[in-house]
Amino acid sequence: MNVERLPSDKKLALCRKYYMAGFALLPFMWAVNFFWFLREAFWAPPYDEQKQIRKYVIISGIGSLIWMIGLVSWVIVFQAKRSEWGETADYMSFIIPKGIA
């Protein structure tokens, strides 16, 4: 979809929908919103709705970055400490690796 072809009010409505969808624990929607509207928010010729779009894009980018940092941190901690957590980690695992007991 080419966002540049949409009228500015439709751009704002679509940007806001993706922004709100991110609050439903869908941080991927924030990342899509950030990359999809980045050019429109910062490098397009100025128009009335651009200020609101810019706000949604910035918050979406920050939100998706925070989610990504949290997810990567959890994966690193879980992989490093899984064997130390014993049965608790086994209950959280779909595949229990075989290794040295």
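The values are calculated or read from the model by the stated rules, or taken from the named source; none is laboratory data. Model, not experiment: these values are computed from the prediction. Please note: Cβ atoms are built from the backbone with ideal geometry, for glycine as well, and neighbour counts cover all protein chains shown.
Residue 96 satisfies every condition listed in (1) out of contact with any Pro (no Cβ under 8 Å at 6 or more places or on another chain); (2) surrounded by 14 or more Cβ atoms within 10 Å (Cβ to Cβ) except (2). The lone criterion from (1) at pLDDT below 95; (2) under 17 Å from residue 12 (Cβ atoms); (3) assigned to a helix (DSSP H, G or I) left unmet by residue 88 is number (2).
The set of residues from the stretch 43-101 being among the aromatic types (Phe, Trp, Tyr) and under 30 Å from residue 4 (Cα atoms) comprises 43, 47, 56, 67.
Candidates in the stretch 8-57 are the residues that are part of a loop (DSSP other than H, G, I, E, B) and within 21 Å of residue 71 (Cβ to Cβ); of these, the one that is modelled with the lowest pLDDT is 25.
The set of residues in the stretch 58-85 being of a type in the set (D, E, K, R) and either touching a residue at least 12 places away in the same chain (Cβ under 8 Å) or in a loop (DSSP other than H, G, I, E, B) (or both) consists of 82, 84.
Residue-wise test of (1) surrounded by 14 or more Cβ atoms within 10 Å (Cβ to Cβ); (2) aliphatic (A, V, I, L, M).
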| position | (1), (2) |
| --- | --- |
| 30 | yes, no |
| 33 | yes, no |
| 37 | yes, no |
| 42 | no, no |
| 52 | yes, no |
| 77 | no, yes |
| 80 | no, yes |
| 91 | no, no |
